Amino acid sequence: MAVFEGNFTTEPGSLRIAIVIGRFNDMVTSKLLAGCQDCLQRHGVDTNPHGAETDYFWVPGSFEIAMVARQVAASRRYHAVICLGAVIRGDTPHFDYVAGEAAKGIAAASFQTGVPVIFGILTTDTMPQALERAGIKSNLGWNYAMSALEMASLMRQIQQNGAGFELPTALPVAATDVV
């Protein structure tokens with residue numbers, strides 16, 4: 001048996017990354033984006049919006065991220081899609097709807113396209129909690145970029161060794177399974 005594991009090293013020009021960012025709570029999402037860009041740059045990805053390796057898609061809020069992420073992933077132009085947003089709990093159930101649907105939509109985008117779509121949406125109770133996670137204590141944008149690099153690398157390995165991942169046409173039946 002083999003072991004497949006993603007890594008974080010890239011050669012210049014070897015990856016294309018899409019980043020979908022929600023404008024709502026932009027004080028938080030802009031910090032997440034900065035952390036994400038810092039990580040990508042330090043790992044050899046050109047984050048210049050006019051370059052060939054990273055494209056940026058700005059949407060109104062976290063709810064809209066999934067739809068754009070799905071379209072971008074389905075284009076097959078990117079090795080990974082990073083979704084950045086912030087949903088902060090308020091006094092109404094709006095938080096639950098937005099956070100839940102964003103999570104479902106982002107997961108569906110990845111499952112439907114086979115492209116890693118990274119869930120980088122903060123879901124916090126307060127603005128101070130969101131700011132802590134976006135740069136005051138640590139910047140989770142960095143972590144989301146690391147996840148994208150690792151998953152893009154792992155998916156490449158899987159695609160290059162695809163024959164080893166074919167499912168058998170019929171599973172063997174053990175004698176104890178026969179009724």
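The values are calculated or read from the model by the stated rules, or taken from the named source; none is laboratory data. What you see is a predicted model; the values in this text were computed from it and never measured. The protein model used for the area step is the full one, side chains on, heavy atoms only, and it has no ligands, DNA or RNA in it. Shrake-Rupley method; radii C 1.70, N 1.55, O 1.52, S 1.80 Å.
An ellipsoid equivalent to segment 1-57, defined through the eigenvalues of its Cα gyration tensor, has semi-axes of 25, 15, 10 Å when rounded to whole angstrom and sorted largest first.
A convex hull fitted around the alpha carbon atoms of segment 54-136 yields 86 Å³ per residue.
Gain on full extension, evaluated as 0.36 nm per residue between Tyr56 and Ser138 minus their Cα-Cα distance, stands at 27.3 nm. The Cα atoms of segment 1-116 define a convex hull whose projected area, averaged across directions, is 8.6 nm². Couplings for segment 75-82, taken from phi via the Karplus curve 6.51 cos²θ - 1.76 cosθ + 1.60 with θ = phi - 60°, read 5, 6, 8, 10, 7, 7, 10, 10 Hz in order; Gly and Pro are left as x. Roughly to the nearest percent, how much of the accessible area of segment 115-163 is carbon and sulfur, given a 1.4 Å probe? Reported share for carbon and sulfur atoms: 54 percent. Just checking the listed ones, Tyr56, Tyr97, Tyr78: in the Gaussian network model of the chain with Cα springs under 10 Å, the one fluctuating most is Tyr97. The GNM of the chain, with springs linking C-alpha atoms under 10 angstrom apart, assigns the highest mean-square fluctuation among Leu33, Leu84, Leu131 to Leu131. Return the whole-Å distance between the Cα centroid of segment 39-59 and the Cα centroid of segment 70-118. For segment 39-59 versus segment 70-118, the Cα centre distance is 19 Å.
Note on the chain: GNM, Cα springs under 10 Å; of Pro60, Pro116, Pro93, the largest mean-square fluctuation is that of Pro93. Using the 1.4 Å probe convention, the accessible area of the chain works out to 57 Å² per residue with neighbouring protein chains retained. In segment 33-112, the portion of solvent-accessible area held by carbon and sulfur atoms comes to 55 percent [1.4 Å probe, whole percent, DNA, RNA and ligands not counted]. One chain, two ends: Arg89 and Gln71. Fully extended at 0.36 nm per residue, the span grows by 3.7 nm beyond their Cα-Cα distance.
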